[in-house]
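See below for the structure under consideration.
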Amino acid sequence: MRKIIVINSGSSSLKFKLFESPSKNVLASGLIERIGLDDSIITIKYGDKKKHREVQAIKDHTVAVDLLLQLLKKLDIVTDLNEISAVGHRVVAGGEYFKKSVPVDGNVIKKIEDIIELAPLHNPANLVGIKVFKKLLPNALSVVAFDTAFHQTLPEENFMYSTPYDWYKEYGVRRYGAHGISHRYVSLRAAELMGKPVEDLKLVTCHLGAGASITAIKNGKSFDTSMGFTPLTGIQMATRSGDVDVSLVAYMMKKLKVKSVSEILYMLNKESGFLGVSGVSLDMRDVEAAAAKNNKRAELAIKLFYNDIVKYIGQYYMEMKGIDGIVFTAGIGENSPETREAIMNELSFLGVTIDKEENAKRGTEGIVSGKDSSITVMRIPTDEEYMICCDVEALMNE
């Protein structure tokens, strides 16, 4: 029985999900966190609600992957590591090189290294995971899936910036987007829920989590998206500002008397968003709780968030000349009925109505708009690992 393991490697973490092939049943999932510290934590869920957790020193990703593989055997999740036929890796930025998931070879690794600047916080960590698994599972097919690949179908007028054209030709300055694996997955699920081919639909998918982006999907392809050259732009996020005037960087360098652009970019990436505006937390649940107690800055942070989402949905409504379906996904999208209801209320002038009983549910798949709604609004939990597994399996069968 073949197995596929899907990996999301962070700078100090390793998230995984092990699938049976071809059924795609999940055999195990888990997380290794605090890699590099003496109190690293490994958690594995498997079988019939079984859970294994231990705390120990894990020096680096090589040790983490080796420990994970040994635990898969020890817990009888696999009897032999050769059962793992393939490894799928999530990589954030693929630039213009990659329009789909591809098998790993030396050329692929080099290209990912060449575009590290497009995702400096993510691509290096993703590469570490790829190299370690190649070393420890040399016989397994290694595949990379890119968050940016889905957005390679954007028309030129939607991905280009009005900067000198040579910036694009020489340095790749353009809109790349992110969360493409998630947007692709939920668009396919939305089509199934609506009982129509995805190629016949105009969808807006709202991936609302700590990182957040909104994508217009026309005829099954990404048509426009809120994130830009990097994941900083678009709507307000947990700690990211979203769209701001770029002149703000030079202005604040003077006001704060800092000499490095990197310092301001750090503030826009790590000290803004929910955290910066509310002063309460980067977690939407905490911000909502504070707003319920009349914390004005928390209320403002939420209003800014809602306003950003509505503006992008409105833009995409005009660009696509209508919307058939809207999807809410990721941590906030799946679990905040308040967010979904607020957005639907703002769209009531378009004929959007709410099924309040269904919308009150969290983390499950369902249609949250009313039966008479002009646009079908859905809550769909994302499953990027499943989408990557599908791509890996397709490459295995070629």
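Does Val91 count as exposed (fewer than 14 other Cβ atoms within 10 Å of the Cβ) and either under 17 Å from Lys15 (Cα atoms) or touching a Phe, Trp or Tyr at 6+ places or on another chain (Cβ under 8 Å) (or both)? Give the derivation first.
Working: exposed (fewer than 14 other Cβ atoms within 10 Å of the Cβ): no; either under 17 Å from Lys15 (Cα atoms) or touching a Phe, Trp or Tyr at 6+ places or on another chain (Cβ under 8 Å) (or both): yes.
So Val91 does not fit the description; no.
Can Met396 be described as surrounded by fewer than 22 Cβ atoms within 10 Å (Cβ to Cβ), touching a Lys or Arg at 6+ places or on another chain (Cβ under 6 Å) and in contact (Cβ under 8 Å) with a residue 60 or more places away in the chain?
Numbers: surrounded by fewer than 22 Cβ atoms within 10 Å (Cβ to Cβ): yes; touching a Lys or Arg at 6+ places or on another chain (Cβ under 6 Å): no; in contact (Cβ under 8 Å) with a residue 60 or more places away in the chain: yes.
Spelling it out, it is not the case that Met396 is surrounded by fewer than 22 Cβ atoms within 10 Å (Cβ to Cβ), touching a Lys or Arg at 6+ places or on another chain (Cβ under 6 Å) and in contact (Cβ under 8 Å) with a residue 60 or more places away in the chain.
I need the full set of residues from region 338-349 which are open to solvent by less than 20 Å² (accessible area, probe 1.4 Å) and closer than 13 Å to Ser369 by Cβ, in order please.
Of all residues in region 338-349, those open to solvent by less than 20 Å² (accessible area, probe 1.4 Å) come to 339-340, 343-344, 347.
Of everything in region 338-349, those that are open to solvent by less than 20 Å² (accessible area, probe 1.4 Å) and closer than 13 Å to Ser369 by Cβ turn out to be Arg340, Ile343, Met344, Leu347.
Any residue in region 209-223 that is among the small types (Gly, Ala, Ser) and over 28 Å from Lys99 (Cα atoms)?
Scanning region 209-223, I find no residue that is among the small types (Gly, Ala, Ser) and over 28 Å from Lys99 (Cα atoms), so the answer is no.
Go through the residues of region 372-388 one by one and say whether even a single one is farther than 30 Å from Gly88 by Cα, in a helix (DSSP H, G or I) and either among the charged types (D, E, K, R) or open to solvent by 60 Å² or more (accessible area, probe 1.4 Å) (or both). Full working, then the answer.
Keep residues of region 372-388 that are farther than 30 Å from Gly88 by Cα, which gives 372-377.
Subsequent filtering for residues that are in a helix (DSSP H, G or I) retains none.
No.
Check whether at least one residue in region 357-365 is out of contact with any Gly (no Cβ under 9 Å at 6 or more places or on another chain) and without any contact (Cβ under 8 Å) to a residue 12 or more places away in the chain, and report yes or no.
At the first step, the residues of region 357-365 found to be out of contact with any Gly (no Cβ under 9 Å at 6 or more places or on another chain) are 357, 360-365.
Next, from what is left, pick out any that are without any contact (Cβ under 8 Å) to a residue 12 or more places away in the chain: 357.
Taking every residue of region 357-365 in turn, at least one turns out to be out of contact with any Gly (no Cβ under 9 Å at 6 or more places or on another chain) and without any contact (Cβ under 8 Å) to a residue 12 or more places away in the chain.
Do we find a residue being outside any loop (DSSP other than H, G, I, E, B) and more than 25 Å from the chain's Cα centre (by Cα) anywhere in region 85-99?
Taking region 85-99 as the starting set, the residues that turn out to be outside any loop (DSSP other than H, G, I, E, B) are 85-91.
Right, trim to more than 25 Å from the chain's Cα centre (by Cα) and you get 85.
Looking through region 85-99, at least one residue is outside any loop (DSSP other than H, G, I, E, B) and more than 25 Å from the chain's Cα centre (by Cα).
Among the residues of region 149-203 satisfying the criterion of being within 26 Å of Arg379 (Cβ to Cβ) and hydroxyl-bearing (Ser, Thr, Tyr), which is most open to solvent (accessible area, probe 1.4 Å)?
Thr153
The values are calculated or read from the model by the stated rules, or taken from the named source; none is laboratory data. For clarity, every value in this text was computed on a predicted model and none was experimentally measured. Counting neighbours? That spans all protein chains shown, and the Cβs are built from the backbone with ideal geometry, glycine included. Surface areas here come from the heavy atoms of the whole protein model, side chains and all, with no ligands, DNA or RNA. Shrake-Rupley method; radii C 1.70, N 1.55, O 1.52, S 1.80 Å.
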